[in-house]
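Taking it in order: structure first as structure tokens, then the write-up.
The values are calculated or read from the model by the stated rules, or taken from the named source; none is laboratory data. Bear in mind that the values here come from a model prediction, so they are computed numbers and not experimental data. Ideal geometry is used to build each Cβ from the backbone, glycine not excepted, and the neighbour counts take in all protein chains shown.
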Amino acid sequence: MTAIYTITSGLHDEASVARLSDAFLGGIFPDGGYEMRGADFSDFGTHALDLIYVRTGGAEGIFKQLLPGLLERGVKHFLLLTSGQSNSLAASLEILSYLQQQGLQGEVLHGSIDYLRRRIQALEAVAAAREKLRGTRLGVVGAPSDWLIASQADAGTLSEKLGLVRLDIPMEELLAEIEKAPADPLPEPVSMARDVRSAWAGASRISHALRTLVQRHGLGAFTLRCFDLLTAVGNTGCLALAQCNADGIPAACEGDVPALLSMMIAQALTGRTGFQANPARIDPESGEMLFAHCTVPFNMVRDWTLDTHFESGIGVGIHGELPEGPVTVFKVSGDLQRHFVAEGTLVRNQYEQHLCRTQVVLQLQPADARYFLTQPIGNHHIILPGHHGALLKEFCGY
């Protein structure tokens, strides 16, 4: 619920200001959907979204007096709503300038009723996503893969900036669960690019074992050092990750924590975890890019075929066919200081023998494609169906 707090100069007639305020807020929130807290700031910062409604000019001094108490509660970003009536916009600009002089952040919410409604809805979506992530337990099963030299994430940073709890789970715990996990029968009929019948049982045991860890540790998401399974059990985690992501449990490959963070943010905002993949080919002049990986969420594809894992030629990998159409490519850095968001189009699926099994060709803007060659945030990026650029950038701006 959005909470609205007010600051008003005593020089203005309260009855007149109240009438204007009721009409203004009624236009933005035609169905209600907010809690009016008025001038009582005692619980400011405890709601999903807190707005300071600057109702009149001359309220700057009131805000300055309130600010120390708000800062004591850890509030660092201030949203100033103003109608523009009674010199309220001028007061809001003065307040925002003062905040910036103190090294604080803020925004004046001002414009047409339609603009304000859309802007606040976006802010509410971001606030809801942050609330959903807060307290989530993120599991790193077996540590990040050795080759992910630029893809690390510090537990303290995750806690401070997103309220996440990182848990490092040894691979030995997973291997012990795989030994005693049940095996699922191969679904029939099922399409296979290669005969993986003998590998299916082992792949399904990995899936059951990972779900046991999810339940035991209360994980909301996890990333798996999956290549260790090739030598330890002669199989892969591709099937398990495809199933977990489809079931709403963000699950990333290779122990890649920044990729997992990107999937978690995407799911909190859009309801979809996305397809974790790495670029295989880039045309920096046209913006066409080929992405590939050996797993893909089952709920993202229109059709899928079982195959082997590409690099090893063993286990069970997934060749999925994703729907053509609008997509968003997204990635955050492990320290949450950088992000990349690009909207584009999935133009076709393909299948080549010498690439990871799910392969999609995207059309991006050439400048976005060149980012991968000049300032990439690691190799793995997340592909989401639909265009979500504005919402993702809004989230990352916080």
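Of all residues in region 15-60 being of a type in the set (D, E, K, R) and more than 30 Å from residue 72 (Cα to Cα), which is surrounded by the fewest Cβ atoms within 10 Å (Cβ to Cβ)?
Looking only at region 15-60, we keep the residues that are of a type in the set (D, E, K, R), and these are 19, 22, 31, 35, 37, 40, 43, 50, 55, 60.
Now restrict to residues that are more than 30 Å from residue 72 (Cα to Cα): 19, 22, 31.
Details: 19: 11, 22: 11, 31: 6.
Only one residue fits best here, namely 31.
Is it the case that region 91-101 has a residue that's among the polar types (S, T, N, Q) and either buried (at least 18 other Cβ atoms within 10 Å of the Cβ) or under 17 Å from residue 2 (Cα atoms) (or both)?
Taking every residue of region 91-101 in turn, at least one turns out to be among the polar types (S, T, N, Q) and either buried (at least 18 other Cβ atoms within 10 Å of the Cβ) or under 17 Å from residue 2 (Cα atoms) (or both).
Could you check, for region 150-166, whether at least one of its residues is on the phi > 0 side of the Ramachandran plot and in a loop (DSSP other than H, G, I, E, B)?
yes
Is region 212-221 home to any residue that is at pLDDT 95 or above, surrounded by fewer than 16 Cβ atoms within 10 Å (Cβ to Cβ) and among the hydrophobic types (A, V, I, L, M, F, W, C)?
No.
Please give the number of the condition residue 156 fails out of (1) in the same structural domain as residue 377 (by TED's automatic domain parsing); (2) within 27 Å of residue 272 (Cβ to Cβ); (3) of a type in the set (Gly, Ala, Ser).
That leaves (2) as the condition not met.
Evaluate the following for residue 359: is it of a type outside the set (A, V, I, L, M), closer than 23 Å to residue 261 by Cα and surrounded by fewer than 19 Cβ atoms within 10 Å (Cβ to Cβ)?
no
Going through 248, 274, 234 one at a time, which residue ends up being assigned by TED's automatic domain parsing to the domain that holds residue 322 and closer than 19 Å to residue 174 by Cβ?
Answer to the selection: 234.
Pull out all pairs, ordered by first then second residue, where Cβ-Cβ is under 8 Å, the residues are six or more apart or on different chains, the first lies in region 359-384 and is over 27 Å from residue 305 (Cβ atoms), and the second is in a strand (DSSP E or B) and of a type in the set (Gly, Ala, Ser).
If the second residue must be in a strand (DSSP E or B) and of a type in the set (Gly, Ala, Ser), the pairs left are 365/342; 365/344; 368/342; 368/344; 371/342.
Here is a check on your reading of the model: is residue 162 over 12 Å from residue 213 (Cβ atoms), touching an Asp or Glu at 6+ places or on another chain (Cβ under 9 Å) and not aromatic (Phe, Trp, Tyr)?
Judged against the criteria, residue 162 is not a match.
In region 286-310, what residues are out of contact with any Pro (no Cβ under 6 Å at 6 or more places or on another chain) and either of a type in the set (S, T, N, Q) or assigned to a loop (DSSP other than H, G, I, E, B) (or both)?
Within region 286-310, 286, 294, 295, 296, 297, 299, 301, 305, 308, 309, 310 qualify.
Could you tell me whether residue 318 is assigned to a helix (DSSP H, G or I), in the same structural domain as residue 363 (by TED's automatic domain parsing) and of a type in the set (Val, Ile, Thr)?
no
If you go through region 272-282 one residue at a time, do you hit one that is in a loop (DSSP other than H, G, I, E, B) and surrounded by fewer than 19 Cβ atoms within 10 Å (Cβ to Cβ)?
There is no residue in region 272-282 that is in a loop (DSSP other than H, G, I, E, B) and surrounded by fewer than 19 Cβ atoms within 10 Å (Cβ to Cβ).
Is it the case, given these coordinates, that residue 290 is farther than 30 Å from residue 398 by Cβ and either crowded, with 22+ Cβ neighbours inside 10 Å or small (Gly, Ala, Ser) (or both)?
On the way: farther than 30 Å from residue 398 by Cβ: yes; either crowded, with 22+ Cβ neighbours inside 10 Å or small (Gly, Ala, Ser) (or both): no.
The answer is no for residue 290.
What pairs come up if the first residue lies in region 222-247 and is farther than 20 Å from residue 275 by Cβ and without any contact (Cβ under 8 Å) to a residue 12 or more places away in the chain, the second is surrounded by fewer than 24 Cβ atoms within 10 Å (Cβ to Cβ) and among the aromatic types (Phe, Trp, Tyr), and their beta carbons are under 9 Å apart, counting only those six or more places apart or on different chains?
No pair meets every condition.
What are the residue pairs meeting all of these: first residue in region 32-57, first residue farther than 13 Å from residue 127 by Cβ, second residue of a type in the set (S, T, N, Q) and surrounded by fewer than 18 Cβ atoms within 10 Å (Cβ to Cβ), Cβ atoms under 8 Å, and 6 or more apart or on different chains?
Once the first residue is farther than 13 Å from residue 127 by Cβ and sits in region 32-57, its partners that are of a type in the set (S, T, N, Q) and surrounded by fewer than 18 Cβ atoms within 10 Å (Cβ to Cβ) give 55/85; 56/85; 56/87; 57/87.
Quick one: which residue in 242, 252, 268, 209 is touching a helix residue (DSSP H, G or I) at 6+ places or on another chain (Cβ under 7 Å) and not in a helix (DSSP H, G or I)?
Just a single option satisfies the conditions, and that option is 252.
Based on what the data block shows, is residue 203 aliphatic (A, V, I, L, M) and under 18 Å from residue 244 (Cα atoms)?
Yes.
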